Amino acid sequence: MKNKIFSTFYWKISGTFLLILIVLVGIFIYININSARRYYMEVNQKLNGDIAKHIEQEVHPFVNGKISKERVSDLMHRMMAVNPSIEIYLLDSLGVIKEHVAPYKKVKLTRVSLGPIKQFINSEGKEFIMGDDPRNPGRKKVFSASPVVQNGVLVGYLYVVLASEEYESASDTLFGSFILKIGTESMLIIVIAAAIIGLLMIWIITKNLNTIIQTVNKFKNGDHSARVHLRSKGEFSALADTFNEMADTTVKNMEGLKGLERLRRELLANVSHDLRTPITSIYGYTETLLLKNEHGEMSKEEHERYLNIILQNTDKLKKLVDELFEFSKLETKQIKFKPEPFSIAELVQDVTGKYKILADKKNIIIESILPENLPLIYADIALVDRAIQNLVDNAIKYTQEGGKVTFEFKQMKNSIEVNIKDTGCGIPEDDLPLIFDRYHKGNNNKENSSGFGLGLAIVKKILELHESFISVKSKLNEGTTFSFNLPLHTS
Ligand SMILES: Nc1ncnc2c1ncn2[C@@H]1O[C@H](COP(=O)(O)OP(=O)(O)OP(=O)(O)O)[C@@H](O)[C@H]1O
Ligand SMILES: [Mg+2]
C-alpha cells in the first residue's frame, strides 16, 4: 500500500515531466525547421534577387512591347541547361501570365498578384517578400522580379520563382536529413540527458516524501517513537522537522493525559479507601450499640464511649468530604473570589480559638507574635480562613505532645508576611518538593492516615488566587515553618 502510493506518485510526476519534455522537443523542432526554411529562402532571395533583371537585360524577351517567341524558346533552353531550379514567367503590366519557362509542369494561375512584385521592385530586393506560386494557388514562394520598360512605357514584368518544385523537393530532402541528423544525435543526447537527470531528481524528491509518508503511517499505527530522518536538507527536511516536533508534542500531551488518568485512578482508590474506614467504623459501632442496648447489657459509660467514637468518625468523614469538595471547586475554578479588607490577626485569633481544644488535648501551646498597629489586608476572608485552618491543622497533627505552634506577622512594603512555625516532627528533604501536590501524603503521615493529602494543595491554590505563593522551611525532628504574603489594603 505504502509502495503503491510511492510508485503511483512517482510515475505521475515522471509521466508529466516526460510529456512536457516531449512537447517541448516537438515545439523546438517545429520552430527550428520553420526558421531554417525561412532563413534558407531569405538567403536564396538575397543571392538571386537580381536574376530577373539580368535575364531581362540579357535576353530581352519583349520586342516592341510584345513577347518574342524565339527569345523565350532560347531562354527555355538556356535555363534548362543552367538552372532548372527556377521558373520564369512573363507577365503583362496587369500581372497576367503571358508566357512561362517552366517545362513539364502545369501552370494553374492565369494571373499573379502585383502587390508583392511592386514591393520587391521598390525595395530593390532588400526586403524578404514572398509572392504567388502560379503552379500552386494559395502557396507563397520567394521570387525575383524586374519591370520591362520599352520606350519609357511599362510593358510587363519578368517574374522568376526562385524555389521551383524540383528545388523544394530537393531542399526538403536536405532538411529531412539535416533534422534527422540533429535529432538523432545532439538532440537525442540532450533529451536523454535531461530525462535521466529529471527522473533522478524526481526519484530523490519522491524518496524523501516516501520516507515521510512511511513514518507518518508508522506513527498512526501506534509506533510513537517513529521520527523522520532525512539525509538531505530542504523543504522536505522542514516538513520532517515539523512532523517530528508535532509528534514530540503529541507524545508529551499523551503522557500528560496518561499521568492525569493515573492520578484520577489513584484518587478514586484513595477516596474509596479513606471513606470506607470511618464508614465501616460508624457502621460497626452503631450495630453493636443497637444489639447491646436491646439486651440491656450496656453501661452508661460504654454507651457514651461508643457514641463518641461514632461522632469522631462522622466528623472525620465530614472533613474528608468537605476537603474533597473544596479542592474540586478550586481546581475547576468554580469558586468566586471576593476580596475585602480585614484584620489577619483577628482571623488567626478566631481560627486558633477553634483549634484550642484539639491543641490542649495534645498539650500544645498556640501563640501569636503581633507587631503593633498591623494594617488591614485585602483578601478573600473565607478562603484565607480555610488556608490558615489547614496549616494549623497540620501544625497540630505533626507536632508531638508538649510542642508549640507560633504565628508571626511581618509588615512588608505592600504586604503582610504570615509565618506559621511548629516544633513538630519536620518534613524529610525528599518530601519537601512534593507536599504541595494534590493527594500527596508524606512519610511522616503513616499513623495519621486520615486526610487525602489535599490540605496544602488547597492552601497553594488559595494563595494563587491571591497572586501569592507559599514557601516552607523544615528540619527533621526540629520543626517546620510555612510562610506566605497577603496584599495590604490600600484605601
Ligand atoms: N507542619 C507539618 N509538619 C510536618 N509535616 C507536614 C506538616 N504539614 C504538612 N506536612 C506533610 O505534608 C503532607 C501533605 O500535607 P497536607 O496537608 O496536604 O495533607 P495531609 O495533612 O496529609 O492530609 P489532609 O490535609 O488532606 O487532611 C503531609 O502528609 C505531611 O507529610
Ligand atoms: Mg493537612
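What follows draws every value from the coordinates through simple rules; no lab data is involved. If you're wondering where the values come from, they're calculated on a predicted model, not measured in any experiment. Neighbour counts are summed over all protein chains in view; Cβ atoms, including those assigned to glycine, are modelled from backbone coordinates with ideal geometry.
Annotations
- Between segment 356-414 and segment 81-153, the alpha-carbon center distance in angstrom: 125 Å
- Value of Rg to Rh for the chain, rounded to two decimals, is 1.61; Kirkwood radius and Rg both from alpha-carbon coordinates.
- Where only DSSP H runs of four or more residues are counted, the chain gives -19000 deg cm²/dmol as its mean residue ellipticity at 222 nm, each run worth -39500 (n - 2.57).
- Hydrodynamic analysis of segment 335-487 uses the Kirkwood radius over alpha carbon pairs. Inserted into Stokes-Einstein at 25 °C and 0.890 mPa s, it gives a translational diffusion coefficient of 156 µm²/s.
- Looking at the chain alone, DSSP beta bridges between its own residues are antiparallel in about 90 percent of cases.
- Backbone geometry of segment 410-419 corresponds, through the Karplus equation with coefficients 6.51, -1.76 and 1.60 at θ = phi - 60°, to 3J(HN,Hα) couplings of 10, 7, 9, 4, 10, 8, 10, 8, 10, 10 Hz, x marking Gly and Pro.
- In range of the label at LYS220: residues from segment 7-26 whose backbone nitrogen is under 18 Å from the point 7 Å along Cα→Cβ: 7-10
- For the listed residue pairs LYS98/LYS140; LYS220/LYS441; LYS252/LYS475; LYS361/LYS475; LYS404/LYS461, the alpha carbons are over 29 angstrom apart in LYS220/LYS441; LYS252/LYS475.
- A simple spin-label model places pseudo-atoms 7 Å from Cα toward Cβ; at ARG438 and ILE27 they are separated by 6.8 nm.
- Scalar couplings 3J(HN,Hα) for segment 316-321, obtained by applying the Karplus form with A = 6.51, B = -1.76, C = 1.60 to θ = phi - 60°, are 4, 4, 4, 4, 4, 5 Hz; x denotes Gly and Pro.
- Cα gyration tensor, segment 259-337 - rounded (a/c under 1.5), prolate or oblate: prolate
- Computed extension length for GLU70-GLU340: 83.8 nm, one decimal, from 0.36 nm per residue of separation with the Cα-Cα distance subtracted.
- Between helix 235-294 and the chain there is an angle of about 20 degrees, using the helix long axis and the longest principal axis of the Cα atoms.
- Between ASP430 and ILE212, the modelled labels are 4.8 nm apart [label points 7 Å from Cα along Cα→Cβ].
- Once backbone amide H atoms are built at 1.01 Å from N, LEU488 has TYR378, SER415, ILE416 as its partners under 5 Å, excluding neighbours fewer than 5 places away on the same chain.
- Each label was represented as a point 7 Å from its Cα along the Cα-to-Cβ direction; for THR481 and ILE381 these points are 3.0 nm apart.
- Between HIS77 and LYS318, the contour length at 0.36 nm per residue exceeds the alpha carbon distance by 73.2 nm.
- Scanning residues 5 or more positions from SER368 or on other chains, those with amide H under 5 Å from its amide H are PHE407, with H placed 1.01 Å from N in the peptide plane.
- Here the extension length gained between GLU401 and PHE17 equals 129.3 nm, from 0.36 nm per residue of separation less the Cα-Cα distance.
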